[in-house]
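**Q** Pasting a structure below so you can have a look.
Bear in mind that the values in this text are calculations on the coordinates, not laboratory data. Quantities reported herein were computed from a predicted structural model and do not represent experimental measurements. Here Cβ is always computed from backbone atoms with ideal geometry, including for glycine, and neighbour counts include all displayed protein chains.
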Amino acid sequence: MAVGLVAAAASILSSRLDLGAETLKLSLQVSDAMIAASLFLAAFFIRQIVDDRRQIAESEQRFRRAMEDSAIGVAIVGLDGRIVQTNPAFAAMLDYSREEIEAKTFFQITHPDDLQIGRDTMVSLKEGKIDSFHFEKRYLRKDGTPVWAQLAGSVIRDEESGRPLYLVSQIEDIDARKKSEARIAEAETRWNFALASAGQGVWDFNLRKGGTTYSATWVKMLGYADGELDGDPDRWLAMIHPDDRAIVDEADRAHLAGETPFFEAEYRMRHKYGHWIWILDRGKALERDGDGRLTRAIGSLTDITQRKEAEARLIVSAAMLADEKERLRVTLQSIGDAVICTDAANRVTFMNPIAEKLTGVAAGDGLGKTLGHVYWAVDEETGQRIGVARPPAGSPGPADHNSRAVLIRRDAG
């Protein structure tokens, strides 16, 4: 068409204008150039349109293949919640055919308790407050059983007006993970209850989660509110009694170096109200990164203040008893009567110097022996041997001794 127009224009001009041969020749050359340029531009635009259509077709083909072959669910949803298109993975996740599920809305296949999060997301998308979304919710399978899923998606808008057209969602089945988390949470609840009932607190150092968390029993043990000590993994070190810090540091170093199977230390920690309480701390390193640095450890704390106080009282009592025994020993050693002490089995446990002299048996030789190895007694009038055995426990009456007893030394034959 452009070539015809240019040729017609040249013919008209040449008939109406008195042009010389050179001028006419120049005009025709310009016309030829314009025709060639027009043809080139036409071919360029045609090729561009063809390329654009081919790229669009390829892009659509890639999206279609990615959607069809995806291992997780993909759905295109209208702003009214109607399911426009899904892939086989999403239909299979809910035990529907594609035709069945594409005849429904998202609200029809969502668990009633999770409907609101979908509605709120749709409102925010329509109002332009968000362009993408990410949340977890429960769907309903065809038989009505719930299944947990994780959604991630974005809104597709009109390029010119920016008006939202539809949503593209990726839906991952996380039901197995959720059930596993529920079982773990239940086990942890029982474990924490058992520890709390036993008065034991739990600490959990997790570098990936940003620090250390402490159970309610742990923080209550030190007078703090739940969560008040969470965060800084080194804060507990500042609460340790200065005299006990070296013990804790050494136990920590030995465990981290692999020299001990677990961390264990007894030390004092400052209570929120200023006094000191005794703690038994046990823990174990669970995870390390590629460089060997600790990333996860868990342990328990037990308040052993009462035990430590009882031990201190026992030490004082033992010292007092030792002093009393020493005073008694000095007294028995110095009196003028012979004293021989025995245990329940009639074995000699003590002899003072007078007893040694009287029996002719040194205390070192007599200790641990029965009385019969140290001396025996006979009746002065009858000459009959008098038993020196201790009467049975609980039996009435004194031991078999009388005022006519005569002591016979072992060396007297």
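**Q** Give the lysines reachable from K325 as a straight Cα distance under 28 Å; neighbours fewer than 8 places away on the same chain don't count.
**A** Of all the lysines, those that pass the test against K325 - Cα under 28 Å, at least 8 places apart if same chain - are K308, K357, K369.
**Q** Kirkwood Rh over Cα pairs of the range 293-349 into Stokes-Einstein at 10 °C, 1.306 mPa s: D in µm²/s? Kindly include the intermediate steps, with their values, before the conclusion.
**A** Working: Rh = 16.1 Å.
Rounded to a whole number, D works out at 99 µm²/s.
**Q** Sort 152-160, 349-357 for me by packing, meaning the mean count of neighbouring Cβ atoms within 10 Å per residue, highest on top.
**A** Working: 152-160: 13.4, 349-357: 17.3.
In decreasing order of mean packing, 152-160, 349-357 become 349-357, 152-160.
**Q** Next question. How big, on average over all directions, is the shadow cast by the Cα convex hull of the range 70-173, in nm²? All intermediate terms of the calculation are to be shown ahead of the outcome.
**A** Numbers: hull surface 24.3 nm².
If I average the Cα hull's projected area over directions, I get 6.1 nm².
**Q** Normalized C-alpha radius of gyration of the range 209-346, against 2.2 N^0.38 Å?
**A** Working: Rg = 23.5 Å, N = 138, 2.2 N^0.38 = 14.3 Å.
Normalised by 2.2 N^0.38 Å, the Cα Rg of the range 209-346 equals 1.64.
**Q** Among the lysines, which fall within straight-line cross-link reach of K137, defined as a Cα-Cα distance under 26 Å, with same-chain neighbours fewer than 8 residues apart omitted?
**A** K137 reaches K104, K126, K129, K178, K179, K209.
**Q** Taking a temperature of 25 °C and a viscosity of 0.890 mPa s, what whole-number D in µm²/s does Stokes-Einstein yield for the range 119-181 with Rh from Kirkwood over alpha carbon pairs?
**A** This corresponds to a translational diffusion coefficient of 186 µm²/s.
**Q** For the range 182-303, with the dipole built from +1 on Lys and Arg beta-carbon atoms and -1 on Asp and Glu ones, taken about the Cα centre, which of P242, W278, F193 lies farthest toward the positive end?
**A** F193
**Q** On a straight-distance basis, which aspartates and glutamates could pair with K272 in a cross-link, Cα separation under 12 angstrom, same-chain partners fewer than 8 positions away excluded?
**A** E228
**Q** Sum up the charges of everything whose Cβ sits under 14 Å from the Cβ of A319, counting Lys and Arg as +1 and Asp and Glu as -1, but leave A319 out. The partial results should precede the final answer.
**A** Details: positive: R313, K325, R327; negative: E311, D323, E324, E326.
Net of charged neighbours comes to -1.
**Q** To the nearest 20 debye, what charge dipole does the range 181-291 have about its Cα centre, counting +1 at the Cβ of each Lys and Arg and -1 at the Cβ of each Asp and Glu?
**A** Values: 14 positive and 21 negative charges, 68 e Å.
Here the size comes out at about 320 debye.
**Q** Which value, in debye to the nearest 20, gives the size of the charge dipole of the range 81-190 about its Cα centre, when Lys and Arg are +1 and Asp and Glu are -1 at the Cβ? Show your work: numbers first, answer last.
**A** On the way: 17 positive and 20 negative charges, 41 e Å.
About 200 debye.
**Q** How large is the convex hull of the Cα atoms of the range 85-141 per residue, expressed in Å³ as a whole number?
**A** Working: hull volume 5.3 nm³, N = 57.
Hull volume normalised by residue count: 92 Å³.
**Q** What does the charge add up to near K142, with Lys and Arg as +1, Asp and Glu as -1, over the other residues with Cβ less than 11 Å from its Cβ? It would help to have the intermediate numbers written out before the result.
**A** Working: positive: K104, R141; negative: D95, E100, D143.
The answer is -1.
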